[in-house]
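These notes concern the structure reproduced below.
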């Protein structure tokens, strides 16, 4: 065997070994040792930085996205979860939460959410500056894998000037305003959803994701959020809030009531109170009653008559209940139609109501906003068991 042939064989062996090592470190199916959350997160960050520093040709112009999914210790949902936070659109690397890679990384505290999920604090060093990033990890049959990375929000407690640059959300109709961490003209404007039970507004900026809900108070409304009891109560600014801290799923919820309306903040991917939440709550301002929409809510069954805002409603007949059952996936949501007597200063009229549809008279607006109980597949609801929730607003 001549020298040239030996060199070819040696090069082929090196290439084969390199391919195996690359597959081991960057294949999304790699099940490298991840026997605990810290090991998984440390491997994830080491592999990610190695990939970013020397990206393969396949990465092309999407180096970060490619390296996120080729660390070998990430879930299939990681890239989707990272993209939803929008950090990359603001010019920062979504894994290290900065424009440059850190000089060093240390694993900090581990907070167990349950037996199969934990939160690991990643301490990044940039010379004389440091950054604490939270990595969310999940356990599978093959070990622990990184499912999400949450960057820290700028701390208003350390720099009060930060709040001056926050944007302001105002809802004149519902009588509330507050400041939130985003600059005016942000790439991530609030997403507003109007539903029969109220309004939900979603906000997203670096390190902070939350939903603000405005709902009319109705009879029998439970004092909990998504099954989590409000464990404590605290006064922030001039408002008293009921507070719920949840680990699974992780969120912190604040709830208060004013003028017959329930206001709720839900901060996702959080398990404890922080300065950003406190600053948002301190900025809440309930507008003058003249600006707020004066609605009253009433729940009434067939055969009953109840009054709200000087309008009496007496359900007479159920015409249709085509709602999609809670345990079934449907193409359409369906509706409820019913007839009710509406008695006011203008007289008495038999009206047909449809779920979520407003009926307008010369003096008021009446809307069937909810029907209880919820539809369940295979369960028949007797007409006498229906409860109809209406809002009545003076024009």
Note on residue 111: of the conditions (1) without any contact (Cβ under 8 Å) to a residue 24 or more places away in the chain; (2) under 27 Å from residue 265 (Cα atoms), unmet is (1)
Of residues in the range 211-247 being surrounded by 12 or more Cβ atoms within 10 Å (Cβ to Cβ) and in a loop (DSSP other than H, G, I, E, B), the one modelled with the highest pLDDT:
237
In this structure, is residue 313 touching a residue at least 60 places away in the same chain (Cβ under 8 Å) and surrounded by 16 or more Cβ atoms within 10 Å (Cβ to Cβ)?
yes
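A quick yes/no check of all residues on (1) part of a helix (DSSP H, G or I); (2) touching a helix residue (DSSP H, G or I) at 6+ places or on another chain (Cβ under 9 Å); (3) surrounded by fewer than 20 Cβ atoms within 10 Å (Cβ to Cβ):
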| residue | (1), (2), (3) |
| --- | --- |
| 58 | yes, yes, yes |
| 72 | no, yes, no |
| 95 | no, yes, no |
| 100 | no, no, yes |
| 120 | no, yes, no |
| 130 | no, no, yes |
| 144 | no, yes, no |
Looking only at the range 336-371, count how many residues are touching a residue at least 24 places away in the same chain (Cβ under 8 Å) and under 30 Å from the mean Cα position of the chain (by Cα).
8
Identify the residue in the range 380-395 that is assigned to a loop (DSSP other than H, G, I, E, B) and touching a residue at least 12 places away in the same chain (Cβ under 8 Å) and, among all such residues, is farthest from residue 341 (Cα to Cα).
381
Identify the single condition in (1) surrounded by 13 or more Cβ atoms within 10 Å (Cβ to Cβ); (2) in a strand (DSSP E or B) that residue 350 does not satisfy, given that it satisfies every other one.
(1)
Return the total of residues in the range 248-279 being touching a helix residue (DSSP H, G or I) at 6+ places or on another chain (Cβ under 8 Å), touching a residue at least 40 places away in the same chain (Cβ under 8 Å) and either closer than 19 Å to residue 149 by Cα or part of a loop (DSSP other than H, G, I, E, B) (or both).
1
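The values are calculated or read from the model by the stated rules, or taken from the named source; none is laboratory data. Please read these numbers as outputs of a predicted model, since none were measured by experiment. Neighbour counts run over all protein chains shown; Cβ positions are idealised from the backbone, glycine included.
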